[in-house]
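The values are calculated or read from the model by the stated rules, or taken from the named source; none is laboratory data. This one's a predicted model, so the numbers in the text were calculated from it and none came from an experiment. Ideal geometry is used to build each Cβ from the backbone, glycine not excepted, and the neighbour counts take in all protein chains shown. Only protein heavy atoms, including side chains, enter the accessible area calculation; ligands, DNA and RNA are left aside. Shrake-Rupley method; radii C 1.70, N 1.55, O 1.52, S 1.80 Å.
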Number of protein chains: 2
Amino acid sequence: MAQHTVVVSRSTLKRLPLYLHLLEKLQAEGVETISCTYIAKEFDFDPTQVRKDVEATGEVGTARIGFRVAGLTDKIKEFLGWNNAHDAFLIGAGNMGKALLGYKDFEKYGLNIVAAFDKDPKKVGAKIFGKEVMPLSKMPALVKRMHINIGIVTVPAEHAQAAVDALIDAGVKAIWNFAPAPLKIPEGVILENARLTQSLAVLTNNLTRVLKP
Amino acid sequence: MAQHTVVVSRSTLKRLPLYLHLLEKLQAEGVETISCTYIAKEFDFDPTQVRKDVEATGEVGTARIGFRVAGLTDKIKEFLGWNNAHDAFLIGAGNMGKALLGYKDFEKYGLNIVAAFDKDPKKVGAKIFGKEVMPLSKMPALVKRMHINIGIVTVPAEHAQAAVDALIDAGVKAIWNFAPAPLKIPEGVILENARLTQSLAVLTNNLTRVLKP
DNA sequence: GTTTTATCGAGAAAAAAGTATCGATATAAT
DNA sequence: ATTATATCGATACTTTTTTCTCGATAAAAC
């Protein structure tokens with residue numbers, strides 16, 4: 001099958017999961033086809049924008065009908081790499097780490113957190129939502145043996161760079177970072193920041209403006 | 001004092017917290033002035049972009065020197081509304097809810113989670129990180145009495161719209177949504193989605209492209 | 001069977017975001 | 001004192017992203 005190695009904008013990539021959620025809801029309701037116009041209305045986007053986003057996945061529609069819900073769902077999942085799970089290690093079994101370990105839906109999004117690591121001996125040995133917490137020293141060997149590609153970083157900001165360095169040294173190809181620290185990574189490694197503070201900044205700025213007399 | 005009611009792009013708003021983290025690190029190290037060139041290098045951004053972002057906060061620099069670290073810190077905080085705390089209620093005391101309740105740094109970011117609410121009677125009554133979990137039925141009256149402006153939604157997707165409706169009915173002005181559901185809100189209310197799946201989508205898409213032979 | 005309508009897909013236009021250029025200026029070096 | 005340099009701030013330019021327009025097409029309405 002022809003794979004779609006199209007490079008698209010971050011914005012498009014971030015809209016696709018939204019469409020996917022909607023499509024899965026519709027599929028559960030037995031809806032078979034869907035138009036970009038409909039999707040656009042649901043999110044208050046421009047229909048053309050939705051059409052272009054969908055185009056990136058390689059799915060083609062039919063005039064007057066739209067797209068098959070099942071077909072589009074598959075194409076989006078494939079495009080995002082969510083059709084088969086990537087194994088991941090998590091570093092830092094604090095609150096955020098625990099929350100992620102307990103997030104069952106990740107398997108739907110192509111992510112399988114295999115184990116957690118922490119440098120605090122008090123946290124080591126426990127099981128969090130069925131996943132073992134191991135000492136950080138064991139991480140490198142396990143990354144190599146299990147061919148882990150993704151490292152999730154949920155340590156405090158001051159330890160983030162060290163955690164990332166260790167993960168990359170061990171052979172991890174992508175970092176999902178939750179620490180509020182600017183990280184340096186070598187060429188070829190993927191860094192994605194999931195920083196709540198950025199989202200919060202947008203919220204509080206808007207709110208201050210709205211509340212201002 | 002002249003307030004800055006400048007409307008800036010989402011992108012700018014999301015970069016400002018990054019600068020702020022860096023500035024606070026520098027301030028702790030005793031650095032007094034900083035140039036946009038330096039900030040840009042740290043994040044691999046364009047210096048002009050940093051200068052424009054900074055301009056939005058209203059801080060002015062001096063040629064050849066740059067900006068005072070302390071002054072810029074204050075201006076960014078003020079611009080983001082992080083200089084005085086907004087009280088917030090959290091709905092949904094699941095894993096993500098707990099993680100947020102335990103996140104101490106929020107006070108630095110102008111957010112004070114006052115209490116949590118859950119419809120599950122088993123969760124009600126407990127204290128999570130010192131914050132009480134109350135029945136959802138008590139929420140509306142408390143929002144009004146305490147003049148709560150922000151509602152944080154960490155319920156499962158299928159209950160998200162109901163939670164949001166209840167919060168807005170009660171008088172909340174801004175919603176910080178963690179549920180993977182498309183939410184409808186009335187004019188004038190602020191909705192900010194903090195969806196991990198969007199960030200994950202960018203990561204897994206990039207990773208599949210990198211791993212592809 | 002013809003007309004109407006909703007939709008796609010492609011390309012053009014508009015808007016937004018990011019990048020480069022350049023004069024002005026404040027410090028440091030000579 | 002003069003020259004060199006780093007930086008700001010304003011403006012111009014470029015690129016990217018979003019939105020608009022329009023012909024083609026498939027179903028529905030008449």
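A DSSP coil position with no more than 13 other Cβ atoms inside 10 Å describes none of the chymotrypsin sites (Phe, Trp or Tyr not before Pro) in the range A:93-122.
Which shape class, rounded, prolate or oblate, goes with the range B:86-198 when its Cα gyration tensor gives a ≥ b ≥ c as root eigenvalues, a/c under 1.5 marks rounded, and past that a/b bigger than b/c marks prolate?
Values: a/c = 1.21, a/b = 1.16, b/c = 1.04.
Here the range B:86-198 falls in the rounded category.
When peptides B:31-41, A:163-173, B:173-183 are ranked by their average number of other Cβ atoms within 10 Å per residue, the highest-first order is B:173-183, A:163-173, B:31-41. When B:GLU132, A:GLU42, A:GLU187 are compared by accessible area of protein heavy atoms, the largest-first order is A:GLU187, B:GLU132, A:GLU42, using a 1.4 Å probe.
Across chain A, C-alpha contacts under 8 Å between residues 6 or more apart give a mean separation that, scaled by the residue count, equals a relative contact order of 13 percent. Excluding same-chain neighbours fewer than eight residues apart, the lysines reachable from B:LYS52 by a Cα-Cα span under 19 Å are B:LYS14, B:LYS41, B:LYS75, B:LYS77.
For the range A:10-80, the extents of the C-alpha atoms along the principal axes are 31, 23, 20 Å, listed from largest to smallest.
For the residues of B:90-96, the average number of beta carbons from a partner chain within 10 Å of their own beta carbon is 3. With contacts taken as Cα pairs under 8 Å and at least 6 residues apart, the range A:10-80 reaches a relative contact order of 39 percent.
Here is how far apart the B:ARG64 label points are across copies: 7.4 nm, shortest first, using a point 7 Å from Cα toward Cβ.
Please name which of A:LEU80, A:ALA99, A:THR48 has its Cα lying farthest along the dipole of chain A towards the positive end, using unit charges on Cβ (Lys, Arg +1; Asp, Glu -1) and the Cα centre as origin. Farthest towards the positive pole: A:ALA99. B:ASP120 label point (Cα plus 7 Å toward Cβ) to equivalent points in the other copies: 2.3 nm, shortest first. For the rotation that carries chain B onto chain A, the axis lies closest to a Cβ at B:ALA99, 2, where the number is the distance in whole Å. Please give the Cα centre distance for the range A:45-111 versus the range A:150-166, rounded to the nearest Å. Taking the Cα centre of each part, the range A:45-111 and the range A:150-166 sit 25 Å apart.
Of all DSSP-defined beta bridges confined to the protein assembly as shown, some 20% are antiparallel rather than parallel. Ranked from largest to smallest solvent-accessible area, with a 1.4 Å probe on the protein heavy atoms, B:HIS147, B:HIS159, A:HIS86 come out as B:HIS147, B:HIS159, A:HIS86.
How big is the charge dipole of the range B:86-198 about its Cα centre, in debye rounded to the nearest 20, if each Lys and Arg gets +1 on its Cβ and each Asp and Glu gets -1 on its Cβ?
Details: 14 positive and 11 negative charges, 64 e Å.
It comes to approximately 300 debye.
Take B:GLU107, push a point 7 Å out from Cα through the beta-carbon direction, and compare it with the same point in every other copy: 4.0 nm, smallest first.
Could you give the dipole magnitude of the range B:10-80 about its Cα centre, charging the beta-carbon of Lys and Arg +1 and that of Asp and Glu -1, in debye to the nearest 20? Write out the running numbers ahead of the final one.
Numbers: 11 positive and 11 negative charges, 36 e Å.
Roughly 180 debye for the range B:10-80.
Would you mind telling me the antiparallel percentage of the DSSP bridges in chain B, rounded to 5?
20 percent
Do any of A:LYS144/A:LYS184; A:LYS25/A:LYS104; A:LYS131/B:LYS25 go past 25 Å between their Cα atoms, and which? Flagged as over cut-off: A:LYS131/B:LYS25.
Per residue, the Cα convex hull of chain A amounts to 172 Å³. Taking the inverse of the mean 1/r over every pair of distinct Cα atoms in the protein assembly as shown gives a Kirkwood hydrodynamic radius of 23.0 Å. The alpha-carbon of B:LYS123 sits under 20 angstrom from the alpha-carbons of these aspartates and glutamates, leaving out residues fewer than 8 places away in its chain: B:GLU132, B:GLU158.
Once neighbouring chains are kept in place and the probe is 1.4 Å, which whole percent of the accessible area of chain B is contributed by carbon and sulfur? Don't skip to the end; give the middle numbers.
On the way: 5290 of 10050 Å².
The computed percentage sits at 53.
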